[in-house]
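So the structure is just underneath, and the comments pick up after that.
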Amino acid sequence: MKSILKISFVLLTAFSLTMCNTKQNDQKSTTQPTKNFDWLLGNWKSTNEEKGKETFENWKKINDAEYKGIGFTLQNNDTLSQEQMKLIQTNGKWNLLVKTPDEKDFIKFEMTEIADDKFECKNDTLDFPKLIKYWKNGDKMNAIVSGDSLKLSFEFERIK
C-alpha cells in the first residue's frame, strides 16, 4: 500500500511540472526572479504515458506572483492520481507547492534555479521526490521527478 501511495504521489508531483533548476555543483545556488512562467499556461497531455493511461496537467495564471496547476492520471476514465500545484512568489523567492488528496497540507519545494523557460525545485527532506524539474522544449514541455533511486521523465504536448 505504501508503494502505491508513493507511486501515486510521484506521478502527481511529476505533473506538477514543477518549476525549478538546481546547480550541479557544490556551491550554494541562488534563486533569481523571473518575469513569469506563462510558458506553462494551458492544457497539457503526456505523450510518453504507459499504455492504457492518460496523464494531464492544466495551468493557469492567478496573478504575477501565483500560478495554479492540477495534474491527474486516468485509466479507463477512472482517476488514478491527482495533485494540486501552486507556483508562488513570496518575498522575491519562488516555490512550488504540491498537494495530493491524501495530504492535509501542501508540500513545499524550494526553487533553486530559474530561467525564462525552465525551473528546478528541491525538497531534500523527502524520500521521493526530492527534485522536480520543468522545461520548455520547443512547443512541448518536459518534466523530471526524481529521488535517490527513482527518476520519472514526462513529455507533454499542448492540447486544446
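Every number here is computed from the coordinates shown, using simple stated rules; none is lab data. Every value quoted in this text rests on a predicted model; they were computed, and no experiment measured them. No Cβ is skipped: glycine too gets one built from the backbone with ideal geometry, and neighbour counts run over all protein chains shown.
Residue-wise test of (1) in contact with a Leu (Cβ under 6 Å, 6 or more places away or on another chain); (2) under 20 Å from GLY92 (Cα atoms); (3) part of a loop (DSSP other than H, G, I, E, B); (4) basic (Lys, Arg).
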{"site": "LYS108", "(1), (2), (3), (4)": "yes, yes, no, yes"}
{"site": "GLU113", "(1), (2), (3), (4)": "no, yes, no, no"}
{"site": "CYS121", "(1), (2), (3), (4)": "yes, yes, no, no"}
{"site": "LEU126", "(1), (2), (3), (4)": "no, no, yes, no"}
{"site": "PRO129", "(1), (2), (3), (4)": "no, no, yes, no"}
{"site": "ASN142", "(1), (2), (3), (4)": "no, no, no, no"}
{"site": "VAL145", "(1), (2), (3), (4)": "yes, no, no, no"}
{"site": "SER149", "(1), (2), (3), (4)": "no, no, yes, no"}
Exercise. How do the pairs read when you match residues in the range 109-128 that are over 16 Å from ASN36 (Cα atoms) with residues anywhere that are surrounded by fewer than 16 Cβ atoms within 10 Å (Cβ to Cβ) and of a type in the set (Asp, Glu), using Cβ under 8 Å and keeping only pairs 6 or more apart or on different chains?
Worked result: ASP127/ASP148; PHE128/ASP148
Seminar exercise, completed: Scanning the range 103-133 residue by residue, those in contact with a Phe, Trp or Tyr (Cβ under 6 Å, 6 or more places away or on another chain) and within 16 Å of GLU83 (Cβ to Cβ) turn out to be CYS121, ASN123, ILE132
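Please specify each residue of the range 63-87 satisfying the condition of being among the aliphatic types (A, V, I, L, M) and either part of a loop (DSSP other than H, G, I, E, B) or more than 16 Å from LEU41 (Cβ to Cβ) (or both).
Of the residues in the range 63-87, the ones among the aliphatic types (A, V, I, L, M) are 65, 70, 74, 80, 85, 87.
Listed by number, the residues that qualify are ALA65, LEU74, LEU80.
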